Structures are given as C-alpha cells and as structure tokens.
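Remarks on the structure that follows.
No lab work stands behind these numbers, since they all come straight from the coordinates. Given the structure is predicted, the values throughout are model-derived calculations rather than measurements. Note: ideal-geometry Cβ built from the backbone for every residue, glycine included; neighbour counts use all protein chains shown.
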Protein chains: 2
Amino acid sequence: MTEINLDNLEDFIRGTAILGTGGGGDPYIGSLMLKQELDKCGSIQLIDPKDASDDLFAVSVACMGAPTVFVEKIPNTQTAIEGMRRAEKELGRKFNAVIPLEAGGLNATLPLAVAARLGLPLVDGDGMGRAFPEFQMTTFNFCGVKCAPFVMSDDFGNTVVIDTEDAARAEAYGRPVCVKMGGIAQIASYAMTGQEIRTCTVPRTVSLALEIGRAVREARVKGEQNAAEALISYFETSNPPRFSRLLFDGKVEDVIRESADGWVRGQVSLANDTGNKMEIPFQNEFSRARLDGKTVAINPDLIMILDRETGEAITTETLRYGQRVRVLGVASVPIMRTPEALKVIGPRAFGLDEDFCALENIAWNGSD
Amino acid sequence: MTEINLDNLEDFIRGTAILGTGGGGDPYIGSLMLKQELDKCGSIQLIDPKDASDDLFAVSVACMGAPTVFVEKIPNTQTAIEGMRRAEKELGRKFNAVIPLEAGGLNATLPLAVAARLGLPLVDGDGMGRAFPEFQMTTFNFCGVKCAPFVMSDDFGNTVVIDTEDAARAEAYGRPVCVKMGGIAQIASYAMTGQEIRTCTVPRTVSLALEIGRAVREARVKGEQNAAEALISYFETSNPPRFSRLLFDGKVEDVIRESADGWVRGQVSLANDTGNKMEIPFQNEFSRARLDGKTVAINPDLIMILDRETGEAITTETLRYGQRVRVLGVASVPIMRTPEALKVIGPRAFGLDEDFCALENIAWNGSD
C-alpha cells in the first residue's frame, strides 16, 4: 500500500507540479502546507480506486482561482474543511475519504493536507489526470457524478452553496464569486460513493505524481538522462504505459499573460537555435503546442514545460524571457478521450478551433 | 384592515412606481403579474407591522438585477417561491407571511404575487421605504435582521445559497451570480420574526403606495392640482406626515445610461425655460438632485421624477430626451436617517462625496 510521507513528499510535490501542465500554482506552497500536516500525522494512506469499498463516501476539495493569486493568497486547509462540513450538512452524511479533483498543481496537494488533518484516507486517483482550469472539466462530471452541492468557502467563515445538475453552470456561477472572495475560493464538490470512485476516476494519479517526481530526481542524481528523457523512459513502463514525446528544446522568447475573470490566460512563444518556433496558449494550463504553425499536441493530452537544467516544472505564472526549457507531450488516458470527455475537455472547450488528435497519431518530423 | 384587490391594483402599482424613485423597472409588468394572481385569489390581506404577532415568520422576496433587464426577462413568481422553499429548508421552519424588501418598483409587487399564490398575508411595510439598488441597503440590515440564508434562484431550478453575517458581502457575492443567471435573480432573504417585523420595518408602505397612486389619479380626474401638488398635499397628512417639495419643473436635456455589473447607472440632466439646470445621477434609483450645481435633495431622501402631464413615475430606463417632467423631493422617515442608517444608505454609500442633509433643512430659493 502506497503512502505519502515526509520521505517522499518532495518527489510527490515535484510530480504534481509537472502534472500541473503549467497550472496549479507554486509547488513550494503546497510543499509547505503538506509538510506541516505530515509533521503531525506522519503519513497519508492511499486507496486504489479499484479497491474502493461501497461504503466509501468521498469529497473532492480544491481551490478555485488564478494560480497567479495563489502565490500571494495561500490556500487554507481549515477553510477547505469548513466547506466540506457545509457539504456534509447539505447531504446529511459524513465523508470518510477525500478525493483529489486534479492530479497537478496545488489542487493535487490540498486534498492531502485535508485528509492528513482529518485522519482520512485519500483516493489514489483524481478527476482530471492533470490540471484543468474549470470545474466541469473532469471525469467526475462526464462520467455522471453530481457536482452539487457545490460549496464555496472563504477565509472569513462565509459559504456559498450552488445547487445545480449542470457542472458548467456551477463553474459559471461560482467563478465570479471566487473573484469577489479575493481571487481564491475553497471548493467542496463532487461527493462520490465507492461505486462512483471505481468507475469515474483517473486511477493512480497520486502514485503517478510520486513516480514522476522520483524519475526526475533520479535522473538529476545519476546525470545519465535529462529529465525529459527520464520521463519518456518512465512512461514506457508506467501503469498504464503512455505514449510521450519531446516536443521542443529551446528558450522562452515571449510571454503574454493576463490575470482576469478568475483565471490567468496568455501564450508563451519558444524558439530554438535552428530557427524553429513553438507557441503554447494557456488558460491556467497549457492547452496546445504548435511547432512552426502546426499542432503537435493538444488538450486533453498533457503538455509539460520543464526547466532544461533542473527538470522542474515551469508554471504559467513563472514563465519568463530567456528560460531554457524542454517541452514534453504525454498522451492522456482513455477515460479522458471518449466522445463525452472531448466535449468537455477537448480543444473546443478551450476556444481552440480544431478537433482533438491523439499525440501518438500526429505525424512527427522533429523540431530541427 | 387594508387589502390589495383588483379594484385598487392600478392605484397601488402607480404608487409603487413613484416610490421606486426611478428604479424598480416597468410597473406595467408588475401590474400584469399581480392581476394574474388577484384574478384567482381575489385579495391580499395586509398586516400592519405594529400588529405583527410573535409567531409570524416572514421572508423577504425580491429580484436582483438591473431594471433595464427586467423589462425583457420578466420576474417569475414560481422561481421566487422555489427560493423561498430553499430558505425554509435551510432554516428548518416554514414561513407564514411575506414582507417586501422595497416599497417601490417591481420589488414592491413581486412579494404580493408570491403572497397571493401561496395564500399568505403580507406585511404592510418594507425595508427601504422606497427602492435602493443593493441588498444591504435596508432597515432590516442596519436594525439587526440577519440576511442569511441569502437564497438566489434562477428560472432553471438552480439555487445559490449565501451564508454570511455581512449583508454587504451577500450583495457582493450575489451580484455577479445574478449577472451569470441572465441579469436577473430571485432572492429570498432576511427571514424575520414578529418581533423583528415590529422594530425593523418602515411601516405602512404598501398602504402608502396605494394612497400615493390614488392621490395622483384623483388629481388627474379632478384637474384641480397637478400630480406633484397633489402629492405635496397628501404628504402633509400622511401617516406619518412628511416634508416634500417641488424641486424642478422642466424637460430632459440629456441622459447617460449604462447597464453593467448588474445595475443601470447614469445621470439625467434637466433644464427649464429660465435657464436653470438640474442634474440627477442614478444607480438603479435617483441618488441626488443638484440645482445649478447645488444639492437640493440627496439619499436616503426620495427623489421622484413625474411625467408633467400624467403624473406617472418615469423610471431611469425610460428617461429620454425631451420629456416634460416635475421632480419631487420627499423626506425619508426617521428610521432611515439614524447614524447607523446613513452609513448604509447615506450619500457616501453611493459614491457621493458629501454628507446627508435632510430635505427640510436645505435652504431653498426656488428653481426660477
């Protein structure tokens, strides 16, 4: 049985930052939050979704807001717990587990801090298999879990409960409230039974973050492979194995970034020594990579930008001119590529006017 | 005992439009809504706040949004009732009366439609004594009634429940949700006991609307006084009597108006034949009248713009170039002028950089 503890915390955090695909905020904050809890409780037990018993009743806890805000206004574990308690009051039932909504960024860490503080187990899986910017963009939603009660809590003891069958509407109603809450809100939503956990989850993504973080660290220690190469090797034998590809090796030439309406939106432009260009737009997370004008990876597949020297993830809010980076594309898992899934997390959901094409099916001539 | 029925409906509606002080939307819509209910139930019984028994438990129902939207997206009685039911669920107690939040505009009518459909009595009083643009701007709030649960409902069966001790925060969190709900939301809030109804209400404002509407109609029929003169005469003997003054007689020269953020904001400029000018800014309702640059009436006192021929109220969204109008100032009642009240409904709450001065204390040299 896998657990998260002080010994593997740094690997886990590194992995969540990489799975954040540009979003999810500064991993250092998540690391501090979780260390504080692990200092007290020692470890957090993980439950593989396939082993979820029928009597499990899990809640997803997450922050809403732009990651640019999270670095100044830090997510609060107690506020998250208050939202969870409010959801229990609505449902008339206590939660006995916590499930992450996202596999990447701070929202991959916050559920562990909550689970640790309450002594609850954590489901080793999530609803995105990465990070996405909106609350309807989850397997939980398109596999049939109800988002309501969608409970928002702020740091002043106030809560907002949104009751709707439509997760996109919960997102639409909730986002401007989040802005009014100071740019960050804690969300408790998608209450799930054991049966739903078994069927509506991207499985083993907490372990995945741990293993990704370990692979990058070991590559750095050994010095035989760079982080991108190490991750490509890792994904060949991950559970399940996944196709991945080095998309670009170059430097940041330009970043356009705006924090508005509760998100950070923009685009990063990269160039290499042989004159190739890559453009990657983002809404909290990277949504498409185009090489010399041609799409080479697109949502919901994962696009990761790694620091060329350290292999650490570079998030959208820390992108800056001159950074040397490697861009990695990783195939998303099948549950994220169904027709139902693509309606919610496919390119058009991000305003990109093209259809999804799986990373492994995109013709590839290299970037130089 | 006063009642509202089909015979006095038109007088009542006319009066609510005048008490709307520019806000509250098209009275014709309220008239149709209420006629539909009165056709079925016959009449609505009114309870004078001083006679409210301890076992009364009333809810305030109101629309949130810009009146410019209400004329296209009409308030829905059933949606209001759904919000009320949600509030009952939160409180674990059924309501046995309805209390208006506002004395003016559609929000003075909607509570009657709800009371009529449910067969509940209506409190003959309200929380504003006129109309105001924000939900914390009420005697209920500054006299100590809790706004929570602040329940918002839309026409698609969705609800948003805001739990906060701070009415201004409920307004701040709710307003952008209202925008996302299509520019209009039904609100159930300020659940009140009989004791609170007796002490936190502007009394007899439903009767007041009725009597104002009657005074204007009778003036028109008799032709002896214009509507403004008739109202000044009426206020001399109303219960309680109130100071009032004709502030201007002229025509509309200019209107600036913008519907944004869930309100309609702007300013109307008037002129008369002798070259005097009056400027009246508004946020849903008129907030200040300045004659040749000098303030002659200011919130929370009431500023009414009446059509010179018919005596009907002109609302901010129907103001247009060339209208011939009379502007009337009416003193607000003492509960609206306490230091606590002025913090919430005084000039500075509307961004006006001056202190309140009571209408009757403002030196007056006339407008020509």
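Numbers below:
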read-out	value
Chain A, relative contact order in percent, only Cα pairs under 8 angstrom and at least six apart counted	21 percent
For A:Asp55, inter-copy label distances in nm, listed shortest first [label point 7 Å out on the Cα-Cβ vector]	4.5
Between 0 and 90°, nearest 10: helix A:205-222 axis offset from chain A longest Cα axis	40 degrees
Nitroxide proxy distance, nm - points 7 Å out along Cα→Cβ at A:Asp353 and A:Thr199	3.9 nm
Interchain or long-range residues, amide H under 5 Å from B:Leu56's placed H	B:Gly194
A:Tyr321 versus A:Glu309: modelled label distance in nm, points set 7 Å from Cα along the beta carbon direction	2.0 nm
Value of Rg to Rh for the range A:242-361 (Rh from inverse mean 1/r over Cα pairs, i.e. Kirkwood)	0.95
Degrees between helix B:9-19 axis and first principal axis of chain B (Cα, 0 to 90, nearest 10)	70 degrees
Computed FRET value (nearest 0.05) for A:Cys143 with A:Arg117, which takes r as the C-beta separation and R₀ as 25 Å	0.30
Averaged over A:171-180, number of beta-carbon atoms from partner chains that fall within 10 Å	5
Note, ³J(HN,Hα) from phi for the range A:313-329, Karplus 6.51, -1.76, 1.60, rounded to Hz, x at Gly and Pro	5, 10, 8, 4, 7, 10, 4, 8, 3, x, 4, 8, 9, 10, 10, 10, x
Table column - 3J(HN,Hα) (Hz), the range A:188-201, Karplus curve with 6.51, -1.76, 1.60, x for Gly and Pro	10, 7, 6, 4, 10, 7, x, 4, 5, 4, 5, 10, 10, 10
Local net charge near A:Gly119, Cβ-Cβ under 12 Å (Lys/Arg +1, Asp/Glu -1)	+1
Taking A:Asp51, A:Asp126, B:Asp26, A:Asp353 and counting other C-beta atoms within 10 Å, the order from fewest to most	A:Asp353, A:Asp51, B:Asp26, A:Asp126
Cα shape, the range B:179-267, gyration tensor, a/c 1.5 rule	oblate
Relative contact order (%) - criterion: Cα under 8 Å, at least six apart; region: the range B:245-300	23 percent
Point-charge dipole on Cβ atoms (K/R +1, D/E -1) for chain B, about Cα centre, debye to 20	220 debye
Ranked B:Leu6, A:Leu306, B:Leu112, criterion: other C-beta atoms within 10 Å, fewest first	B:Leu6, A:Leu306, B:Leu112
Two-site FRET efficiency, A:Lys251 against B:Lys343, from Cβ-Cβ distance with R₀ of 60 Å, rounded to 0.05	0.60
Lone cysteines, chain B (no partner Cβ under 4.7 Å)	B:Cys41, B:Cys63, B:Cys147, B:Cys178, B:Cys357
P(r), alpha carbons of the protein assembly as shown - 20 Å bins starting at zero, rounded %	17, 40, 27, 15, 1, 0
Potential extension, A:Phe243-A:Asp7 segment - 0.36 nm per residue separation minus Cα distance	82.0 nm
For the range A:242-361: relative contact order, % (alpha-carbon pairs under 8 angstrom, 6 or more apart)	28 percent
Eligible lysines near B:Lys94 by straight Cα distance, threshold 20 Å, same-chain separation 8 or greater	A:Lys89, B:Lys146
Likely footprinting exposure, B:Cys178, B:Cys357, fewest C-beta neighbours within 10 Å first	B:Cys357, B:Cys178
Within-13-Å neighbourhood charge of A:Asn96 [Cβ basis; K, R +1; D, E -1]	-1
Where rotation carries A onto B, the chain A residue whose Cβ is nearest that axis, in whole Å	A:Pro176, 2
Where only alpha carbons of the range A:84-192 are counted, the Rg and the Dmax (Å)	13.0, 34
On Cα atoms only, tilt of A:77-91 relative to the major axis of chain A in degrees	60 degrees
Lys, Arg +1 and Asp, Glu -1 on Cβ, resulting dipole of the protein assembly as shown about Cα centre, debye, nearest 20	100 debye
